[in-house]
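The structure appears right after this line, and notes come after that.
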Amino acid sequence: MNEGNDKLKDLFKELKIEEPSIGFTSRLIHKVDTIIEAKDKKRKALNKILIGICILGGLTGIFGLTWFLFGYYGIEVNTPQISWPVIEVDMPTLKFPSFIVMLAIVVLLLLSVDLFIRKRHYSKKQKV
Amino acid sequence: MMNLEDIECIRKVRSGDIGAFAVIVDRYKAIVFNIVCKIINDRQHAEDITQDVFIKVFRSLGKFKEKSKFSTWLYSITYNTTISAIRKIKSRCIIFNDSLQDAENSELLDELDAVSKEEKLKCLEQVLKQMPVEDSLLITLHYIEEQPVASVAEITGLSQSNVKIRLYRIRKYMNFEINKLLKKDE
């Protein structure tokens, strides 16, 4: 079919050019805004879950690893001069020296402070 | 390479500037809507499809490689979105082969030159809307948007030789159908 003498092509060129209605762009941008908002909400929720998982994982790791290592090597933590009272935890075979309990409390405190600082930093960033 | 302004707008959108996306929409909405409108009758539905096209563009802007033209990428999204939207509402399927058996050397007949332009355009629109959606889009991209065969191949994912064959068959079918309609009206 000869394109140089294509009557169909000429006819196509005569077709009316259609345009969308007035306000199309603003309606579309509004929809895009809604999509962004929903995406943001999802991301924030996911972040919260991830932070929670990280904290839980970190705590489990710290306690678990310490417990395992101390148990595996049969290490007993005794400070030379101070005789720490042994706190007995009501568990089948475990006894925690108070030093470890205190260490865990310190770690928990540090984690809380870290979380608090991060939250403040994040809210400041959001305001900017 | 693509229009520099397009690249700038896309980069701005990627960095969170929605205003730049509005610029892209304003630049291309008429083109997309015009293609969709040629395929379906309902303007409202055509607007919905156009909206879907731009939302898909926004969502997948991160995947866009700056190696190709933005317009080619946009046409490709328009092509795929329109096909799936129309498949959802109805199955437009015409077997060309039956009609084409009678359509030897089909061109628009010279004897129909006397028929008014409006009448011919009406027939053209009618034929365009009753054809399979893939073929309507193919011929629209080639004739209305004046995309060369290579671009049409890139947009549709077909080979260049396949596009050429299909365009030939579509032209033949359309000429045959328009001639038939015009003769009937005479």
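Could you say whether any residue in segment A:35-55 is at the interface with chain B (Cβ under 8 Å from one of its Cβ atoms), in a helix (DSSP H, G or I), over 17 Å from the mean Cα position of the chain (by Cα) and not acidic (D, E)?
Pass one, segment A:35-55, residues at the interface with chain B (Cβ under 8 Å from one of its Cβ atoms): A:35-36.
Narrowing the set further to residues that are in a helix (DSSP H, G or I) leaves A:35-36.
Filter once more, keeping what is over 17 Å from the mean Cα position of the chain (by Cα): A:35-36.
So of that shortlist, the ones also not acidic (D, E) come out as A:35-36.
Looking for residues that are at the interface with chain B (Cβ under 8 Å from one of its Cβ atoms), in a helix (DSSP H, G or I), over 17 Å from the mean Cα position of the chain (by Cα) and not acidic (D, E), one finds at least one in segment A:35-55, hence yes.
How many residues, within segment B:30-44, are within 16 Å of B:K122 (Cα to Cα), more than 8 Å from chain A (Cβ to nearest Cβ) and part of a helix (DSSP H, G or I)?
Matching residues across segment B:30-44 total 1.
Within segment B:127-176, which residues are within 11 Å of chain A (Cβ to nearest Cβ), in a helix (DSSP H, G or I) and among the charged types (D, E, K, R)?
If the condition is that a residue be within 11 Å of chain A (Cβ to nearest Cβ), in a helix (DSSP H, G or I) and among the charged types (D, E, K, R), then B:K164, B:R169, B:R171, B:K172 are the ones that fit.
Give the residues of segment A:18-32 that are within 11 Å of B:I18 (Cβ to Cβ) and more than 7 Å from chain B (Cβ to nearest Cβ), sorted by residue number.
A:H30
Quick one: in segment A:88-128, which of the residues that are modelled with pLDDT of 75 or more and β-branched (V, I, T) is nearest to A:L56 (Cα to Cα)?
The residue in question is A:V107.
The values are calculated or read from the model by the stated rules, or taken from the named source; none is laboratory data. Here the structure is a predicted model, which is why all the values come from computation and not from measurement. Note: ideal-geometry Cβ built from the backbone for every residue, glycine included; neighbour counts use all protein chains shown.
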